[in-house]
Amino acid sequence: MKKNIIVYPGSFDPFTFGHEDLVNRALNIFDEVVVAVLENPKKDTLLSVEERIEIIKNYFKGNDSVKIVAFEGLLVDFLKTNGLNIIMRGMRMLSDFEFEFQMSLTNRRLFKDFEAIYLVPAMKFSFISSSIVREIASFNGDLDEFVNKHTKEILYEKFNQK
Ligand code: PNS
């Protein structure tokens, strides 16, 4: 029998404690979470897809229920190719709603079996975003509340190289 699998797509530039919280919440409902990292040559990311994947692997060391993969192109094509149809996304605040609503309806137009589930992170993570983390890192600020030690080291190194 096919396991109950949910896909968690995103840029994850970088993956934060907020993302980790959502994966752990999804594991209360699903057998497996596939974190699908967008590899988009047109989108300027701070971290390469390899770096983003390495970071996420470090959060879930030894947890076989979390798979981490890269995908290119349309999310629905990735889902169809892998025989999957459910994604999860975080809903932190009202400002997330508009983009998520549009994305869901677009994806369903492209793939009629597409379903999206929205999970609310713990309150203490509801304001964290990858862009805020990048900004703090760029000024050498304290990242302890936002990302794990491994991610922090990669981020500081990235900005010191610049
Ligand atoms: O972390 P993000 O940047 O908010 O994630 C957005 C993501 C990667 C889920 C979305 O941009 C996406 O699915 N991109 C793949 C291209 C695609 O399928 N676009 C059409 C749906 S809007």
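General observations
- Per-peptide average of other Cβ atoms within 10 Å, ordering 28-36, 121-129 highest first: 28-36, 121-129
- The equivalent ellipsoid that matches the C-alpha gyration tensor of the range 54-120 spans semi-axes of 23, 18, 10 angstrom, in descending order.
- Cross-link pairs exceeding 31 Å in C-alpha to C-alpha distance, out of K3/K61; K112/K149; K80/K124; K80/K152; K80/K149, comprise K112/K149; K80/K124; K80/K152; K80/K149.
- Under 13 Å, Cβ to Cβ, from K43 - net charge with Lys/Arg +1 and Asp/Glu -1: -2
- Taking Lys and Arg as +1 and Asp and Glu as -1, the other residues whose beta-carbon sits under 15 Å from that of K124 total -2.
- Net charge of Cβ neighbours under 15 Å - reference R52; Lys, Arg +1; Asp, Glu -1: -4
- Relative contact order %, the chain, counting alpha carbon pairs below 8 Å whose residues are six or more apart: 28
- Amide H contacts of Y8 (H built 1.01 Å from N, in plane; Pro and chain starts excluded): V34, V35, A36, M88 sit under 5 Å, all sequence-distant by 5 or more or on other chains.
- Descending by average beta-carbon neighbour count within 10 Å, the peptides 113-120, 19-26 line up as 19-26, 113-120, the highest first.
- Relative to the 2.2 N^0.38 Å rule of thumb, the range 5-124 has a C-alpha radius of gyration ratio of 1.01.
Here, each number is a calculation from the coordinates, and none is a lab measurement. As the structure is a computational prediction, the values presented were derived from the model and not from experiment. For neighbour counting, all protein chains shown are included, and Cβ atoms are generated from backbone atoms with ideal geometry for every residue, glycine included.
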